[in-house]
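A.B. asks: Provided herewith is a single structure, encoded as structure tokens, for subsequent inquiry.
The values are calculated or read from the model by the stated rules, or taken from the named source; none is laboratory data. Model, not experiment: these values are computed from the prediction. Counting neighbours? That spans all protein chains shown, and the Cβs are built from the backbone with ideal geometry, glycine included. We work out accessible area using only protein heavy atoms, side chains counted, and drop any ligands, DNA or RNA first. Shrake-Rupley method; radii C 1.70, N 1.55, O 1.52, S 1.80 Å.
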Amino acid sequence: MVHTSPDSEYMKLLQPFLARKKEFALDGWGCDSKRVASTFQPLEEWMLNASPNLANRYPVLGSGAKRHISRVLREMLLSEAMTAEYASYFAPLSEAELDKVAASFKFENCSQRKGLNEAIRPKLL
């Protein structure tokens, strides 16, 4: 398992955008939703009160319906709404600059997830 290096052209280019995504907890994996809980918790409670069946519909997904609501509202709806902003970072770049950013995803330019790799290696062998 690998990820783009924090020093890569991709990460440097998108640092302001990634900071906004983090601020609004738009990524489900590894996000800290404490900053947005006061906004979304009342909405989650309202949805569960409005349709109690939601709690029965998604009982096995992590923390149930609240996790599903979070996934739909933040990770899908709000993230999708930010695609134009994401694209705007690439729009002014030349083809050569775009190639340099794309090279961030070459295996040899990525960083290994050492802890994760060590944890899953025994399961793969």
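A.B. asks: Using Cα pairs closer than 8 Å and at least 6 residues apart in sequence, work out the relative contact order for the chain, in percent.
C.D. replies: 44
A.B. asks: Right, next: Short version: ³J(HN,Hα) in whole Hz for each residue of region 8-15, in order, from phi by Karplus 6.51 cos²θ - 1.76 cosθ + 1.60 (θ = phi - 60°), x for Gly and Pro, what are they?
C.D. replies: 6, 4, 4, 5, 5, 4, 9, 3
A.B. asks: Any lysines with Cα under 16 Å of the Lys123 Cα? List them, leaving off those in the same chain fewer than 8 positions away.
C.D. replies: Hits, sequence-local ones excluded: Lys114.
A.B. asks: Taking θ = phi - 60°, what integer Hz values does the Karplus form 6.51 cos²θ - 1.76 cosθ + 1.60 yield along region 70-78, in sequence order, with x for Gly and Pro?
C.D. replies: 4, 4, 5, 6, 8, 6, 10, 4, 5
A.B. asks: Distance between Cα centroids, region 51-125 to region 8-33: provide it in whole Å.
C.D. replies: So the separation of the two Cα centres works out to 10 Å.
A.B. asks: Also, I was wondering about something else. To test your reading of the geometry: what angle, between 0 and 90 degrees and rounded to tens, separates the Cα axis of helix 114-124 from the longest principal axis of the chain?
C.D. replies: 80
A.B. asks: I've got another one for you. Please list 3J(HN,Hα) in residue order for region 47-55, calculated via the Karplus relation 6.51 cos²θ - 1.76 cosθ + 1.60 where θ = phi - 60°; whole Hz, with x for glycine and proline.
C.D. replies: Working through the residues one at a time gives 5, 5, 6, 5, 9, x, 4, 4, 5 Hz.
A.B. asks: Could you sort the peptides 93-99, 3-9 by per-residue average Cβ neighbour count (10 Å cutoff), highest mean leading?
C.D. replies: For the peptides 93-99, 3-9, the packing ranking is 3-9, 93-99.
A.B. asks: State the answer as a single residue: which of Ile69, Leu98, Cys110 lies farthest towards the positive end of the charge dipole of the chain, with beta carbon charges of +1 for Lys and Arg and -1 for Asp and Glu, about the Cα centre.
C.D. replies: Ile69
A.B. asks: Straight distance only, please: which aspartates and glutamates reach the Cα of Lys34 with their own Cα at less than 17 Å, same-chain residues fewer than 8 apart left out?
C.D. replies: Partners found: Glu23, Glu44, Glu45, Glu75.
A.B. asks: Before I look further, what does the chain give for accessible area per residue, probe 1.4 Å, in whole square angstrom?
C.D. replies: With all protein chains present, the chain gives 72 Å² per residue.
A.B. asks: Ordered by packing density, taken as the mean number of other Cβ atoms within 10 Å over each peptide's residues, highest first, how do 21-32, 75-86 rank?
C.D. replies: Highest to lowest by the protection proxy: 21-32, 75-86.
A.B. asks: Out of these labelled values of semi-axes √(5λ) of the Cα gyration tensor in Å, (i) 21, 17, 13; (ii) 33, 22, 11; (iii) 33, 16, 11, which was calculated from the coordinates shown here?
C.D. replies: After the calculation, the listed value that fits is (ii).
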